[in-house]
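S.K.: This is the structure I want to talk about, given as structure tokens.
Each value in this text was obtained by applying a stated rule to the coordinates, not by laboratory testing. Predicted model only: the values in this text are computed from it and were never measured. Because the Cβ atoms are built from the backbone with ideal geometry, glycine has one as well, and the counts that use them run over all protein chains shown.
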Amino acid sequence: MVELDHPFMMNKPVDDGFSAILDLERLVPCVEGGTVIETTGPESVKAEIKVKMGAMSMKFAGTVSVVEQDAEHHRAVMQVKSREVGGQGHADADVTFTLDGDGGNVHTAARITGKAASMGEGVVSTVLDALIRDFTQKLATL
């Protein structure tokens, strides 16, 4: 398992930022290569992401769901469950957003299997860190 923390800034009041983060149709495309395929419920979507890891490009498809939300404390937990398209691997994660003032923190606990994992934890961590860092910069525009 790879665990990472990333602070972020948002250019709006904390309640508006919290609402924006819960809007999966807007949130998922903030991840580079991320696309919403279908809304499956008020708090879940089918999505896919194309990821480049070293010389390999992979596509993962699955679901993103809001599994916990606490509006009073501006905290939300999302669960990502995905499978490598055309492969045996999985990329699952629990992503916790905590907002305060004009920003907050994203805590990601990811479990990667298959070809991506075979590249080693260092490569997985580096790619995941870059993806989330880019994502947190885009949160300011939500």
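S.K.: Can you give me the angle between helix 121-139 and the longest principal axis of the chain, using Cα atoms only, in degrees from 0 to 90, rounded to the nearest 10?
M.R.: The angle comes out near 30 degrees.
S.K.: Principal axes first, then extents: for the Cα atoms of the chain, list largest minus smallest coordinate on each axis, whole Å, largest first.
M.R.: Principal extents (largest minus smallest coordinate, Cα): 41, 31, 22 Å.
S.K.: Another question about this same structure. Near E84, within a Cβ-to-Cβ distance under 9 Å, what is the net charge of the other residues, with Lys and Arg +1 and Asp and Glu -1?
M.R.: Every neighbour counted, the sum reads +3.
S.K.: Using R₀ = 35 Å, calculate the FRET efficiency as 1/(1 + (r/R₀)^6) where r is the Cβ-Cβ separation of Q88 and E68; round to 0.05.
M.R.: 0.75
S.K.: Could you calculate the contour length gain from A61 to K138, that is, 0.36 nm times the residue separation minus the distance between their Cα atoms, to one decimal place in nm?
M.R.: This chain segment gains 25.6 nm when fully extended.
S.K.: Determine the gain in length on full extension of the stretch M1-Q79; use 0.36 nm per residue of separation and subtract their C-alpha separation, reporting nm with one decimal.
M.R.: Contour length minus Cα-Cα distance gives 26.6 nm.
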